[in-house]
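Report on one structure; see the data block that follows.
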Amino acid sequence: MADANLDVLLRTTDNTIISLEQSKKFTYTKRKINSICKALSLKTQNYEPQKTVENIESYISSSNKLDRILYSEISNYVYSLEMSERGIFATNLEKLLLYSLDDKNDVNDDCKKMIVKIYDHFQLALHQIENVNNIFANSIEEAKENLQKQIKGVEKEYISILGIFAAIVLAFVGGITFSTSVLQNISVVSVFRLLLVVDFLAFVLINVIYILVKFIFTINEKDAKLFNIKALNIACLAIAIIIVISWTLNANQIRDFISQFLPWSKS
């Protein structure tokens, strides 16, 4: 009855029975591979490749082992090591390989083959670790770039909103202040000085609004056609030149002529 229960426990899905002998071989092979890896993790100054060769030869000569090396055990061990520990492992493994390839040390061919296989698989595991690290680093960089783009987009939206609001406030407040100042001092200064100040304030206000709106379109990477600022500046400059010349020549007739069209000069 007990043997029947054991057969049920050891039976697989394809109706084959797992051999207990095979299980012992797996355990022994796993333990020996792990012991070889641990030996290769010793400090380099304390590591003796001859002992590892003896351990490998003992494993090869044993009848209680699997026919294949458990490469997964090597990979799992290497993956669990820190970077500095992998460096020690690589140094010791290279020392072991050079020791086995030296004909003076009289290492048998089977042992050499196994050492070469371990070395080759270790290099493969290192490349896999580097690839994973590179993929992980690239993913982080890509996530950073996407996050930065999103942050920049939000910043542009905030700046655009604030810029539009500032332009509206500047135009409104500037216009009100400008009109109030002109009306308050209209009877105090001469018409030439008044016109020159009006022209200058108009020049400043128009250019400030233009620069602000242009900046908003620039940070949003949009190419919008605004009003012709150059023509307006030329017009303001031409008006200023005419006013200065008239003022310099003391053209009272021009001043009186202009005053005729001003509503506040009519009696």
Taking a ≥ b ≥ c as the square roots of the eigenvalues of the Cα gyration tensor, with a/c under 1.5 meaning rounded and otherwise prolate when a/b exceeds b/c and oblate if not, segment 103-165 is prolate
Using θ = phi - 60° and the Karplus form 6.51 cos²θ - 1.76 cosθ + 1.60, what ³J(HN,Hα) does each residue of segment 72-88 get, whole Hz, x for Gly and Pro?
5, 5, 5, 4, 4, 5, 5, 5, 7, 7, 6, 4, 5, 5, 5, x, 5
For THR177, THR29, THR52, what ranking results if the residue with the fewest other Cβ atoms within 10 Å of its Cβ goes first?
THR177, THR29, THR52
Can you give the alpha-carbon Rg of segment 21-144 over 2.2 N^0.38 Å, where N counts its residues?
1.18
FRET efficiency, 1/(1 + (r/R0)^6) with R0 41 Å, evaluated for VAL169 and ARG193 via beta carbons
0.90
In nm, the gap between the two label points placed 7 Å beyond Cα toward Cβ at THR177 and THR27 is 9.1
What residue among GLY87, ASN131, GLN50 has its Cα farthest toward the positive end of the dipole of segment 21-144, where the charges are +1 on Lys, Arg and -1 on Asp, Glu, each on the Cβ?
GLN50
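A short reminder: the numbers here are calculations on the coordinates, not readings from a lab. Since we're looking at a predicted model, the values are computed, not measured. Counting neighbours? That spans all protein chains shown, and the Cβs are built from the backbone with ideal geometry, glycine included.
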